[in-house]
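Heads up, the thing below is written out as structure tokens.
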Amino acid sequence: MTRKLENKVAIVTGASKGIGAGIAKAYGAAGAKVVVNYAKDHVRAQKVVDHIVENGGEAIAIQADVSSPAEIDRLFADTIKAFNKVDVLVNNAGIYDIVMLEDITLDTLHSNINTNLIGTILGAKKAAEVMGPHGGAIINISSTVSLNPLPGTLVYAATKAAIDNVTKALAKELGPKDIRVNTISPGITETEGSHEQGFMGGDWEAQLVAQVPMGRIGQPEDIAKVAVFLASDDAGWVTGERIQVAGGQI
Ligand SMILES: NC(=O)c1ccc[n+]([C@@H]2O[C@H](COP(=O)([O-])OP(=O)(O)OC[C@H]3O[C@@H](n4cnc5c(N)ncnc54)[C@H](OP(=O)(O)O)[C@@H]3O)[C@@H](O)[C@H]2O)c1
């Protein structure tokens, strides 16, 4: 991989697993100094850091719950302590509870909204503050369900549709500060989370693959390549966009 992110410092939230881990590894390979954020799983986060370092990159793991303003502040403060600045924020940390309407509780609503939506907004707020005069890039991870919700994704899809709109509003607010804000909307992707939800293997997977014109499930590397582009100067005139990375799935 060419070192398109040389001299950039990137925070990837929820990078101990799945898509976030894929993006963190690709950023490390592209020359960025990477902060591998996680909520609970220090062991997996450290494995991602080790992978980046073993391949000649620089990375550290920082625990922080993105739904907490105090922990977001600490995440950015510790990043600046380690690497002096922040150029790129990937708001990837997310949870997806597949719950039909009759089973939705206040807890389902709060947990999805707090992590997926509030976490994204708090991260962007702090990033805009610290990116300051040199500008930067914010990448929000949405989903195909933001435009095409499936049964059981009601709450999750609502948070992702909100993220699409947050991106558009932020691009307008932060453009004058030279901060670009874009959304990546992955289709079904093989991750620890998608295994945990039971999407992989069996009938579910077959049904999901049938919706993908290119005929396969995505891998974190498929999403990471686009995240490298959006963080890089190649995307210097790209902001407010939603890029679906889903093998043609709509
Ligand atoms: N996989 C898919 O098919 C798919 C499709 C479309 C969109 N997406 C989106 O892509 C993103 C990643 O999905 P994934 O499948 O890779 O997830 P995953 O395998 O379940 O991993 C989730 C990651 O988020 C972290 N996390 C969860 N809550 C957090 C919090 N409050 N603060 C900080 N970190 C937190 C987890 O940390 P710990 O390990 O420490 O708990 C973990 O690193 C999500 O936004 C998801 O909505 C996924």
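Since every read-out is calculated from the coordinates, none of them should be taken as a lab result. Quick caveat, the model's predicted, so the values are computed rather than measured. Here the Cβ positions follow ideal geometry from the backbone for every residue, glycine too, while neighbour counts run over all protein chains shown.
Entry for the stretch 9-243 at q = 0.08, 0.09, 0.12, 0.14 Å⁻¹: log10 I(q)/I(0) = -0.27, -0.34, -0.62, -0.85, Debye formula applied to identical alpha-carbon scatterers, no solvent contribution. Axis angle, to the nearest 10 degrees, between helix 18-29 and the longest C-alpha principal axis of the chain: 30 degrees.
Separation of the stretch 1-68 and the stretch 166-183, taken as the distance between their Cα centroids, equals 23 angstrom. The angle between the Cα long axis of helix 119-131 and the main principal axis of the chain comes to about 20°, on a 0 to 90 degree scale. Just from its helices, what would the mean residue ellipticity at 222 nm be for the chain, if runs of 4 or more DSSP H residues each count -39500 (n - 2.57) and the sum is divided by every residue, rounded to the nearest 500 deg cm²/dmol? After summing the helix terms and dividing by the residues of the chain, the value is -13500 deg cm²/dmol.
By DSSP, the beta bridges lying fully in the chain are antiparallel in about 0 percent of cases. Using Cα springs under 10 Å in a Gaussian network model of the chain, which residue among T105, T144, T115 shows the largest mean-square fluctuation? Of the options given, T105 has the highest mean-square fluctuation.
Could you state the angle between the C-alpha long axis of helix 220-231 and the longest principal axis of the C-alpha atoms of the chain, as a value from 0 to 90 degrees rounded to the nearest 10? Roughly 40 degrees between the two axes.
For K81, the aspartates and glutamates whose Cα falls under 18 Å of its own Cα, not counting residues fewer than eight places away in the same chain, are E58, E71, D73, E129.
Annotation: lysines with alpha-carbon distance below 18 angstrom to K40 (same-chain offsets under eight excluded): K17. As a rough footprinting exposure proxy, the listed residues V53, V66, V145 were ranked by other beta carbons within 10 Å of their own, and the order from fewest upward is V53, V145, V66.
Contact order for the stretch 9-243, expressed relative to its length and based on alpha carbon pairs under 8 Å spaced 6+ residues apart, stands at 21 percent. Extension gain, K172 to K40, is 44.1 nm, computed as 0.36 nm per intervening residue step minus the present C-alpha separation.
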